[in-house]
1. Compute the semi-axes of the equivalent ellipsoid of the stretch A:92-156, taking the square root of 5 times each eigenvalue of the Cα gyration tensor, and list them largest first in whole Å.
2. Would you mind telling me which residue in A:P93, A:P111, A:P157 has the biggest mean-square fluctuation in a Gaussian network model of chain A, where springs connect alpha carbons within a distance under 10 angstrom?
3. Mind jotting down the distance between the C-alpha centroids of the stretch B:69-133 and the stretch A:40-93, whole Å?
4. Who wins for biggest fluctuation among B:I11, B:I223, B:I29 in a Gaussian network model of chain B, springs between alpha carbons below 10 Å?
5. Ranked by Cβ crowding within 10 angstrom, fewest neighbours first, how are B:D61, A:D207 ordered?
6. So who's got an amide H within less than 5 Å of the one on A:K6, skipping anything under 5 residues away but keeping other chains? H placed 1.01 Å off N, in plane.
7. For the stretch B:161-251, just list the percent of Cα-Cα distances falling in each 10 Å bin from zero outward, please.
8. Please compute the average number of Cβ atoms from other chains found within 10 Å of each residue's Cβ in peptide B:30-40.
Amino acid sequence: MNKHVKISAENVSKEFIQKGTQRVPVLKDISLQVFDQELLVVLGPGQSGKTTLLRIIAGLEKPTQGRITLDGEEIRGPGPDRGLVFQSYMLFPWKTVEANVRLGLEMAQVPKEKHAETVRHYLDLVGLNGFEKYYPHQLSGGMKQRVGIARAFSTQPKVMLMDEPFGQLDAQTRLFMERETERIWLSDKRTTIFITNNIDEALLLGDRIVTLEGKLPGRMKKSYEVNLPRPRDPMDMEFLKLRHTITSEQELTL
Amino acid sequence: MEQSAASNAKIEVRNLTKKFGDLLVLDRINFNIKKGELVAIVGPTGCGKTTFLNCMSKLTDTTDGDIFIDGVPADPVKHNLAFVFQEPTALPWRTVAQNVVYGMEVKGVPEKERAERLEYILNLVGLKDTADLYPNQVSASMMQRIAVARAFAVNPDLLLMDEPYGQLDVKLRFYLEDELVKLWQTLNSTVLFITHNIEEAVYVAERILVLTPKPTKVRAEVIVDLPRPRNFLDPRFVEIRRQVTELIRWW
């Protein structure tokens, strides 16, 4: 099978400067390829630099060394070709659900006459029709994150970048949102990088899972293909075996 | 109370009912816990689990019904009720050892016994090396181990645990669950463990109570008669996990 490389990271390292002079290495020598229409999960514990990696791909941070390309072009800053979903929702509290989604379209300079139809389509896709006029404070955590997903999807980015989007949700809502993400992704396939520290989530969603080693600087550890039929069953024996393989290759940090 | 039931049960919950105004949250909950038993409680989101725990710990008054410990109405002054919260709750100005000993201080355990028990429990949970560090110098999982050690150290009549390992990754979770099982077995404590994670419930508990959505009742009881240490890949383990999942999945 000939896979088209969508995103390619070449020897990416990142250091932050703290308190003026102190160098804090966050990522070390990350090389990684993401294929077209692939759902790649980056799985790492806290303090493994995974959010920084995503922010570099988003163009919100510059790597100290190495480079990242999207369709062969080096990433030099943020752009509408990449849609972001944050852990902390990042909705505008004074805007309605509809207006929050429309904002993405305005930023991406989508022609105005297309706004209404596009907003309706993506709110439908995430199951929020009927809530167009609600404000974020009237929504549950899961619903807020759906607004974030609709906003990111609606501009038709080439790539979706999702940073632990369900970290704040309770277990039951989380499972439901994971199923929803899979459904949305299957119906509107997009190259996606999904960051998480939850291995069950990684195995439910990923075509492939890349693990990062804990403790800074984060390094790439391994890559696992997840060849399980969708939708996946977290109690399926193959699922559990693969989970066991991945966890036994991770070190225990107390 | 019938004497026969009382003789066997350490904890008896009888018709536990809680209303907030007209809103019925807990609806005549009944169950027993034997001395030295580890019981897990699982239920759908929003099933009134916080209210339930607050009632069990006597932090909140109940509307009707009561909780009996050794046949006597539960009383936080007379009885030893310990609680491990979801978020780590260590006092930042005390060292790890001082945090672990804190519960015993509050309960007025004599100084000599306090020191002995502290030593014993620090060794048991492997906190010996970090005993003199302050909470901001240890990891989140270490903080949760402090809270667990502190709770076990008071030899509680009933230890209530509110999803203490909910946010941790699988490997660490299994490690701490093993530690919990070891503490429970060694100290023969009576534990009520609340969780959303069904796999966790099957891993630690001898018996699982499944709650309904509000107004909350006990929907079912599942006995987990698997040998320890348990293996999550064991088909019988998965079967029980499925059974409990199905019992919850009718929201």
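1. Over the Cα atoms of the stretch A:92-156, the semi-axes work out to 18, 12, 10 Å.
2. Residue with maximal mean-square fluctuation among A:P93, A:P111, A:P157: A:P111.
3. So the separation of the two Cα centres works out to 44 Å.
4. B:I223
5. By the 10 Å Cβ count, ascending: B:D61, A:D207.
6. Excluding prolines and chain starts, which carry no amide H, the hits are A:V34, A:F35, A:D36.
7. 15, 50, 31, 4
8. Details: counts 0, 0, 0, 0, 0, 0, 0, 0, 0, 0, 0.
So the per-residue partner count for this stretch is 0.
Read-outs throughout are calculated quantities, based only on the coordinates presented, and are distinct from any laboratory measurement. Everything numeric in this text was worked out from a predicted model, so none of it was measured. As a convention, Cβ positions derive from the backbone with ideal geometry for all residues, glycine included, and neighbour counts pool all protein chains shown.
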